[in-house]
Amino acid sequence: MFSSIRWKFIVVYFLLVFIAMVIVGIFIVDRLEQQQIDSVITSMEHKLESFVSYSSYLTSDDWVANQEEIQDAINQFGLPSTETLYVILNEDVPTILATSSKPYERIVGKSAFQQKFIDPTLVLKAFEGEKVPPNKEMIDNISLEHIAYPVFSSIGKVTGILYMTSDLQNVYATVNESKTILTNATFLALIITVLLGFLIASSITEPIRDVTKKAEEMAMGNFDQFVDVKSDDEIGQLASMFNHLTLKLKETIQDMDLERSKLDTIFNYMAEGVVAIDRNGSIIHANPIAIEILNLGPNYNEKIFNLNDINLGNINYNIINSLQGDAIAEINSQVFKVKYAPFKNEKDNIGGLIVVFQDITREHKLDNMRKEFVANVSHELKTPITTIKSYTETLMEDDIDKDIRGRFLTVIDSECDRMTRLVRDLLQLSNLDYKKTNWKKVEISMDKMLNEIISKLDLVIKEKGHKVILNMEENIPNIIADKDGIEQVILNIISNSIKYTGENGIIEIKAYVEGSNVVLSVKDNGIGIPEIDQARIFERFYRVEKGRSRDLGGTGLGLSIAKEIIEAHNGNIILKSVQNMGTEVIIKLPTSVI
């Protein structure tokens, strides 16, 4: 009977489920029993600690005088019937002073060792000051958990102990009930296993019919065949080998198609330009990016490609045995990193060259900007540092006149302020770049803000004799923005107009509504900005007249910061200027900035 494939499956499944259920059942019952006992122990310890804090008489040194109060405290403590508490006095013979056992009159006053439910060993250890670990015992077929808890007097001496026992009958009742449940579950699982094993085993003979039929299909050229494998016997091995043959044939064909498709897709859609060249320099393949970069045209296969055309050096494909490297090339105002390496045939002979064009125009531009930025910062710091150094060395001489010393210190202080402004502006730009600025957006009245700014600049305006015209449209809605940030931008724009406008100039400030934006225009009749410089006016450290701007205290970062702040508020800043006629700066802010 057991030589049958069907019964093999049934027996194996039956044994697997039976062994698994037995192992799991033993583990669960053991863990459940231990968890229940641990729960009882924890409860007993908490009750002993609670009783010590509940009965203030236990903290006194004379328990005998407070015996009735201690007994009343035990009676009122409300222990369950499965737990018994003994208060044992520390005398020559440990004596029970009070207990929760009924009737306690027959127990109180007697030696603790006369009680069969008290373990003398635990009592003696507790009187030595030890908090005795819980101990489980069987007495008269009753399983009990014992705990002895020493109570110390005010001078650190053991006045007595609290001894508690707990009947574990409920614990083992729960464990036995769990055993019954697990046994029933095991029987049910075994019955289901037999049924499923029978069904599975019955399906194993199906491959015998399938193999013959599908072998005929394969003989006719149809390799898309598959036999379900449901056993590991001879039939299963035959089905497995049949499937293995089918899969290998399918995988080989599919892999070839997939690789070809993958390579074509990668080649055509990769961001880099790729050109494959044979040993004679003829172009074998070129992807669309390479065709566009090199302007090869549709008939690129008819062309000869030479690396000399892109200034990568003199390379002869016919005489070289190994060729690989990289270089930087500029093609049609774009910068490319060109990498080239040979490809080989099955005999490890070089068949040609693969050239990859990687567009690094943006990285190249950023690198130049970084170098320019470092140079500008270095230049801006070099002048004040040099001034401070030279003036300080002069001040270190002892024969400097007091007036000269004061002028020198004033210059040093001014140069320090200049470096402080530069560092502050750089830090603000860094926070704006990395979006670390915490905008505190509030409702702002444009009318009120402009009047406050003009008031702050009133002294400077009067010194240069400027006429400021404020033209506000009525009922301009408030904007929601960061007050300090917007005020800094407007203050910077108006300050620039004051600085770069000659004596007795005219500065016109207008505010009006345009669609969903509030528009602020600051227009002056100052020196203006040359048209060639206007495209770069918002770049960092860019100055139209560097020496003059530096003399006026500028860092070259004000307009860059202004642009960053306005764009962070979903706005726009525009500059219009005509040299020697004046400049107009227009700021557009939405009435509700998100």
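The values are calculated or read from the model by the stated rules, or taken from the named source; none is laboratory data. The structure displayed is predicted, hence computed values, not measured ones. Virtual Cβ from ideal backbone geometry, glycine too; neighbours counted across all protein chains shown. Areas reflect the complete protein model, heavy atoms only, side chains present, ligands, DNA and RNA absent. Shrake-Rupley method; radii C 1.70, N 1.55, O 1.52, S 1.80 Å.
Below is a table of values for the structure above.
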quantity	calculated
Top-ranked residue of region 30-44 - restricted to ones that are among the hydrophobic types (A, V, I, L, M, F, W, C) and within 18 Å of residue 179 (Cβ to Cβ), ranked as surrounded by the most Cβ atoms within 10 Å (Cβ to Cβ)	37
Any hit, region 48-60, residues being of a type in the set (S, T, N, Q) and open to solvent by less than 40 Å² (accessible area, probe 1.4 Å)	yes
Those strands (runs of 3 or more DSSP E) lying entirely in region 76-146 with at least 2 residues modelled with pLDDT of 80 or more	83-89, 95-99
Single match in 173, 219 (criterion: modelled with pLDDT under 70 and loosely packed, with under 12 Cβ neighbours inside 10 Å)	219
Cβ-Cβ under 6 Å pairs, at least 6 apart or on other chains, region 76-88 side open to solvent by 20 Å² or more (accessible area, probe 1.4 Å), far side of a type in the set (Val, Ile, Thr) and in a loop (DSSP other than H, G, I, E, B)	none
Residues of region 57-71 classified as of a type outside the set (A, V, I, L, M, F, W, C), in a helix (DSSP H, G or I) and touching a strand residue (DSSP E or B) at 6+ places or on another chain (Cβ under 9 Å), total	4
When residues of region 457-473 are limited to those that are charged (D, E, K, R) and in contact with a strand residue (DSSP E or B) (Cβ under 7 Å, 6 or more places away or on another chain), the one surrounded by the fewest Cβ atoms within 10 Å (Cβ to Cβ)	467
Checking residue 312 against (1) at pLDDT below 75; (2) assigned to a helix (DSSP H, G or I), the condition it does not meet	(2)
Qualifying residue in region 4-13 (condition: open to solvent by 50 Å² or more (accessible area, probe 1.4 Å) and among the polar types (S, T, N, Q))	no
Residue within region 350-360 that is of a type in the set (Asp, Glu), surrounded by fewer than 14 Cβ atoms within 10 Å (Cβ to Cβ) and either under 20 Å from residue 285 (Cβ atoms) or free of Cβ contacts under 8 Å to residues at least 60 places away in the same chain (or both) present	no
Of residues in region 496-514 being open to solvent by less than 30 Å² (accessible area, probe 1.4 Å) and under 47 Å from the mean Cα position of the chain (by Cα), the one nearest to residue 450 (Cα to Cα)	511
Criterion (of a type in the set (Phe, Trp, Tyr) and surrounded by 13 or more Cβ atoms within 10 Å (Cβ to Cβ)) met by exactly one of 18, 27	18
Scope region 38-56; condition touching a strand residue (DSSP E or B) at 6+ places or on another chain (Cβ under 7 Å) and over 17 Å from residue 76 (Cα atoms); matching residues	40, 41, 45
Hits in region 334-351 - residues which are touching a strand residue (DSSP E or B) at 6+ places or on another chain (Cβ under 7 Å) and over 27 Å from residue 364 (Cβ atoms)	342, 343, 344, 345, 350, 351
Residues being β-branched (Val, Ile, Thr), without any contact (Cβ under 8 Å) to a residue 24 or more places away in the chain and open to solvent by less than 80 Å² (accessible area, probe 1.4 Å) - total across region 247-287	3
Any hit, region 36-55, residues being free of Cβ contacts under 8 Å to residues at least 12 places away in the same chain, assigned to a helix (DSSP H, G or I) and closer than 30 Å to residue 186 by Cβ	yes
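Residue-by-condition table, conditions (1) in a helix (DSSP H, G or I); (2) modelled with pLDDT of 75 or more:
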| position | (1), (2) |
| --- | --- |
| 400 | no, no |
| 409 | yes, yes |
| 436 | no, no |
| 448 | yes, yes |
| 451 | yes, yes |
| 455 | yes, yes |
| 475 | no, yes |
| 481 | no, yes |
| 486 | yes, yes |
